[in-house]
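The block underneath contains the structure these notes are about, expressed in structure tokens.
The values are calculated or read from the model by the stated rules, or taken from the named source; none is laboratory data. Note that the structure is predicted; figures quoted are calculated from it, not measured. Glycine gets a Cβ as well: all are built from the backbone with ideal geometry, and neighbour counts include every protein chain shown. These accessible areas exclude ligands, DNA and RNA; they are computed on the full protein's heavy atoms, side chains included. Shrake-Rupley method; radii C 1.70, N 1.55, O 1.52, S 1.80 Å.
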Amino acid sequence: MSLSLVLSDILHLSLLSCILLCESEALKEARQSVRKFPDGFQFGTATASYQVEGGWDADGKSPSIWDHLTHNDPCSTDDCKNGDIAADSYNLYKRDVEMMRELGLDFYRFSLSWTRILPTSFPDKINEAGVQYYNNLINEMLKYNIQPLVTLFHWDLPQKLQEMGGWTNPHIVDWFSDYARVAFELFGDRVKNWITINEPSAVCFHGYGSVTLAPMLNIQGVAEYMCAKNLLVAHAKAYHIYDKEFRPTQGGTIGLTHNAFWYEPETENDVELAEAVRQFEWGQYAHPIFSKTGDFPPVMKEKIAAKSAAQGFKRTRLPEFTSEEVEMVRGSSDFFGLNAYTTFLVYKNESLEGYYDVPSFYDDYEALTYQPTHWSGAASVWLKDVPWGFYNLLTKIREDYDNPPVFILENGYSTRGGLDDDDRITYIRSHLNALLDAIEEGSDIQKYTVWSLMDNFEWTRGYTERFGLYEVDYESPQRTRTPRKSAFVYKEIVRSRALDPHYEPDTTVMTIDEGH
Ligand code: NOJ
């Protein structure tokens with residue numbers, strides 16, 4: 001592996017140097033000057049319930065799979081910490097809104113905790129205190145003209161539903177859509193942008209086919225595909241409920257947010273393979289919704305069917321959609337929600353056999369991916385600053401799916417803490433430059449969201465990785481929030497609706513500008 005890494009590093013160096021050297025003079029010049037965002041372009045930041053709220057059992061809330069995991073296996077996180085209090089946004093929402101005002105945000109993306117609103121998991125009992133919390137947050141934001149962009153499900157599944165199989169149980173289609181209907185009824189008069197599910201492949205692959213996220217089932221090559229099918233149908237059902245029952249009076253938009261890395265072939269021989277990897281990794285969820293034909297990507301269906309047969313399974317491990325389901329899922333998003341962070345290289349070599357568990361997702365796609373050691377990166381081991389990959393990703397979405405409206409719903413950079421975060425600023429600027437390049441070439445990108453407004457519980461990394469524009473002091477009972485340098489830079493981008501590569505902020509005092 002180490003030898004192949006060195007070889008691939010060299011190969012990639014030449015590829016990368018071409019990308020750098022071959023970049024047009026016009027583009028280089030553009031990056032040195034102030035670039036304007038199109039009229040109507042919107043800026044926001046994001047968080048998620050379990051990562052910031054705390055109040056894990058406050059006022060009638062019942063446990064989610066993350067409460068269950070972190071309480072039963074405390075050192076399942078790097079620092080043996082949990083989200084019991086987190087950034088305490090359950091109590092500090094007014095300060096959170098104040099930070100949004102300081103940044104001058106157009107919108108704020110947050111998620112609802114299913115078990116805070118429906119402690120039984122079902123709509124038989126609505127927890128008024130939980131509803132009140134979200135009403136307070138939404139109303140406080142709207143007071144200052146900050147639009148709520150609400151995710152229904154950001155990974156904190158009710159533990160009770162997990163015990164009944166979670167996303168592998170087809171009944172989740174009803175469980176999820178009942179919950180979605182309650183949310184539309186309660187908040188849809190004020191919430192005009194909905195996300196059904198955050199990062200489907202993280203939910204299914206990391207939760208069911210590996211041990212990276214709760215519920216850590218690790219039933220490889222089987223459970224993640226059952227999850228994928230049910231999740232897509234559940235999403236589509238919620239979409240159609242909104243579309244038919246709520247959109248006529250509430251008039252909002254609804255979609256799902258995909259997590260997509262860019263996968264670049266290491267050499268010309270890997271072009272087809274890299275495309276297969278993209279289809280497995282995120283085409284799995286995007287193709288059923290955005291392609292003309294719907295259904296899982298053909299390359300997935302073929303490869304998994306062939307492998308399953310060779311492995312002695314009686315049928316393919318990839319569940320099949322009925323034709324009604326294909327139709328129900330196809331087109332079930334008003335926009336392409338995209339969480340985009342980084343890039344990997346793809347290759348195949350002789351050492352592939354025996355490399356992975358069999359069966360497994362990676363064995364099914366028959367490729368290896370890696371990031372060259374010279375790519376500069378964040379505190380998160382997987383997160384390298386590769387803006388050209390982001391550009392390629394945006395271009396592919398435009399070309400493959402007939403230029404859908406794209407909402408960038410997460411993009412961001414982790415550090416180990418501290419207020420001087422020049423690397424984060426470099427990352428945000430480089431990605432906004434790539435985004436502007438894609439817009440100039442015709443991509444219909446309408447929103448950009450920094451992950452995250454503030455430091456938060458980074459899942460199994462605990463609090464060891466910090467993504468916030470605001471630092472959170474977890475040692476203080478007040479969970480004091482302090483703007484980092486990047487907060488000042490982002491504020492200026494939002495204020496000026498432009499990207500000025502030379503802007504140096506005065507970080508002595510953060511203010512709220514007039515009109516916010
Ligand atoms: C994706 C997830 O949606 C979010 O919860 C996570 O914290 C960030 N990426 C950073 O890893």
Checklist entry - Is region 377-389 home to any residue that is of a type in the set (Gly, Ala, Ser), open to solvent by 10 Å² or more (accessible area, probe 1.4 Å) and closer than 26 Å to Gln32 by Cβ? => result yes
Checklist entry - Limited to region 242-265, what total is found for residues that are farther than 20 Å from Val329 by Cβ and within 16 Å of the ligand (Cβ to nearest atom)? => result 2
Next on the checklist: Tell me whether region 66-73 contains one or more residues that are hydroxyl-bearing (Ser, Thr, Tyr), without any contact (Cβ under 8 Å) to a residue 40 or more places away in the chain and open to solvent by less than 10 Å² (accessible area, probe 1.4 Å).
Outcome noted: yes
Item to check | Count - residues of region 475-497 that are surrounded by 18 or more Cβ atoms within 10 Å (Cβ to Cβ) and either farther than 30 Å from Pro38 by Cβ or within 16 Å of the ligand (Cβ to nearest atom) (or both) | outcome: 3
Item to check | Ala214 being touching a residue at least 60 places away in the same chain (Cβ under 8 Å) and within 16 Å of the ligand (Cβ to nearest atom) | outcome: yes
Checklist entry - Pick from Tyr370, Tyr347, Tyr355: which is of a type in the set (Ser, Thr, Tyr), buried (at least 21 other Cβ atoms within 10 Å of the Cβ) and more than 16 Å from the ligand (Cβ to nearest atom)? => result Tyr347
Next on the checklist: Please go through (1) open to solvent by 10 Å² or more (accessible area, probe 1.4 Å); (2) more than 20 Å from Ala48 (Cα to Cα); (3) touching a helix residue (DSSP H, G or I) at 6+ places or on another chain (Cβ under 9 Å) for Asp178 and return the number of the only condition it doesn't satisfy.
Outcome noted: (3)
Checklist entry - Wholly within region 234-346, which strands (runs of 3 or more DSSP E) include no fewer than the required count, namely at least 1 residues that are within 16 Å of Glu199 (Cα to Cα), in contact (Cβ under 8 Å) with a residue 60 or more places away in the chain and of a type in the set (A, V, I, L, M)? => result 253-259, 336-339
Checklist entry - Of everything in region 277-297 that's surrounded by 23 or more Cβ atoms within 10 Å (Cβ to Cβ) and more than 19 Å from Lys229 (Cβ to Cβ), which residue is nearest to the chain's Cα centre (by Cα)? => result Arg278
Item to check | Enumeration of residues in region 437-472 that are in a strand (DSSP E or B), within 11 Å of the ligand (Cβ to nearest atom) and either farther than 24 Å from Val509 by Cβ or in contact with a Cys (Cβ under 6 Å, 6 or more places away or on another chain) (or both) | outcome: Thr449, Trp451
Item to check | Unique match (being within 16 Å of the ligand (Cβ to nearest atom) and either open to solvent by less than 50 Å² (accessible area, probe 1.4 Å) or at pLDDT 95 or above (or both)) among Tyr108, Tyr134 | outcome: Tyr108
Checklist outcome for this item: Taking region 68-124 and keeping residues within 13 Å of Trp459 (Cα to Cα), part of a helix (DSSP H, G or I) and hydroxyl-bearing (Ser, Thr, Tyr) leaves Thr70, Ser76
Item to check | Identity of the residue in region 394-431, within 18 Å of the chain's Cα centre (by Cα) and among the aliphatic types (A, V, I, L, M), that ends up farthest from Tyr474 (Cα to Cα) | outcome: Ile397
Checklist entry - List the pairs whose first member sits in region 369-385 and is within 23 Å of Asp270 (Cβ to Cβ), whose second member is among the acidic types (Asp, Glu) and away from the ligand (no atom under 16 Å from the Cβ), and whose Cβ atoms are under 8 Å apart, counting only residues at least 6 apart or on separate chains? => result Pro372/Asp9; Thr373/Asp9; His374/Asp9
Checklist entry - Out of all the residues in region 381-425, which are closer than 26 Å to Glu441 by Cβ, hydrophobic (A, V, I, L, M, F, W, C) and more than 16 Å from the ligand (Cβ to nearest atom)? => result Trp388, Leu394, Ile397, Val406, Ile425
Checklist entry - If you go through region 394-412 one residue at a time, do you hit one that is modelled with pLDDT of 95 or more and within 20 Å of Arg95 (Cβ to Cβ)? => result no
Next on the checklist: Can you tell me which residue is most open to solvent (accessible area, probe 1.4 Å) among those in region 181-211 that are within 16 Å of the ligand (Cβ to nearest atom) and out of contact with any strand residue (DSSP E or B) (no Cβ under 8 Å at 6 or more places or on another chain)?
Outcome noted: His206
Next on the checklist: Is it the case, given these coordinates, that Gly515 is assigned to a loop (DSSP other than H, G, I, E, B) and away from the ligand (no atom under 16 Å from the Cβ)?
Outcome noted: yes
Checklist entry - Taking Val233, is it open to solvent by 30 Å² or more (accessible area, probe 1.4 Å) and not acidic (Asp, Glu)? => result no
